[in-house]
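The values are calculated or read from the model by the stated rules, or taken from the named source; none is laboratory data. Quick caveat, the model's predicted, so the values are computed rather than measured. Glycine gets a Cβ as well: all are built from the backbone with ideal geometry, and neighbour counts include every protein chain shown. In case anyone asks, the SASA skips ligands and DNA or RNA and just uses the protein heavy atoms, side chains included. Shrake-Rupley method; radii C 1.70, N 1.55, O 1.52, S 1.80 Å.
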Amino acid sequence: APAAPTVLTLTANSVTLKSLEGYEYSMDGKSWQTSPVFEGLSPATTYKFYQRVAETDTAYASPAGSALSVTTKKQSVKAPGAPLLESKTDRSVTLKKTEGYEYSLDGKTWQKSPVFEGLSPATSYKLYQRIAETDTAFASPASVFLTVTTDKSTVLPPEAPALDSKTWQSVTLKAVAGYEYSLDGKTWQKSPIFEGLSPATVYTFYQR
C-alpha cells in the first residue's frame, strides 16, 4: 500500500489530490477513480481520501493507503442589497431585520442588532448590512450603503419671557440666545423688541 495522498488544490466544493502515474483515488476506500479530482462536496466539511496503485496486466491493485483527512473551505457569498429603513428618531435608526444578517455604521464594525442608538439629531449616516459568517460560509462583503438622516430633536417649551424694559409704544423682552419671540404665539421674530404698540394697552408675549 502507498502512503496517504496529498492535496494539490482545495475549494469549498472540491478537492484535487496530487496525481501519480498508475494510481487510483477514493473517498471511502471502496469506490475508486482514476481522476484525483473530487467535486460536488459540501463547504467546511471533513472528508477522508485514499490512494492505491491501480491494477495492471501483471499485478493486482494494491491495498488502500492511509487516509488523508481534508476539510473543504468555507463558501464565499455575494454582498446583499442595501439595507431598508424601518424607523428613525432624532437619536436612533432602526433597519429592517433579516435573519442571518449583520449591520454596520461604517462597514467595518458589525452588530447583530439592526438598531443604532446614541446618534446625533439632524445628522446623515451611512448604514450597511452583510450576510453573517456561518459554520459553512464566510461573511459576505458589505452591501452598498443606505443614507439616513436622523430627525430634528423636539424640546420642551421654555418658561414665559421676562420683561427687560418698556415705553409708551414699545416692549423689550430679556434676550436669550437661540430663542424667538411673539405677540400672538403664531408669528415669530428673532428680536426681543416690539415697537409700534398702543399706549396703556396690555399685551401678551411668548418665547420659544
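Some points to look at:
- Per residue accessible area in Å² of the chain, where ligands, DNA and RNA are left out and the probe is 1.4 Å: 64
- A full extension of the chain between residue 183 and residue 167 corresponds to an added length of 4.1 nm, given 0.36 nm per residue minus the alpha carbon distance.
- Dipole-positive endmost among 38, 139, 50 within the chain (Cβ charges, Cα centre): 139
- Pair-distance profile P(r), taking every C-alpha pair of the chain, with 5 angstrom steps and integer %: 1, 6, 10, 9, 6, 6, 5, 6, 6, 6, 6, 5, 4, 3, 3, 2, 2, 3, 3, 2, 2, 1, 1, 0, 0, 0
- Region 100-208, accessible surface, carbon-and-sulfur percent (1.4 angstrom probe): 54
- Part-to-part distance (alpha-carbon centres) for region 161-208 and region 32-61, which is given in Å: 94
- Net length available on complete extension from residue 112 to residue 14 is 32.1 nm, with 0.36 nm assigned per residue and the Cα-Cα distance removed.
- Inter-site label distance for residue 124 and residue 58 at 7 Å from Cα along Cβ, in nm: 8.1
- For the chain, the dipole from Cβ point charges (+1 on Lys and Arg, -1 on Asp and Glu) about the Cα centre works out to 440 debye, to the nearest 20.
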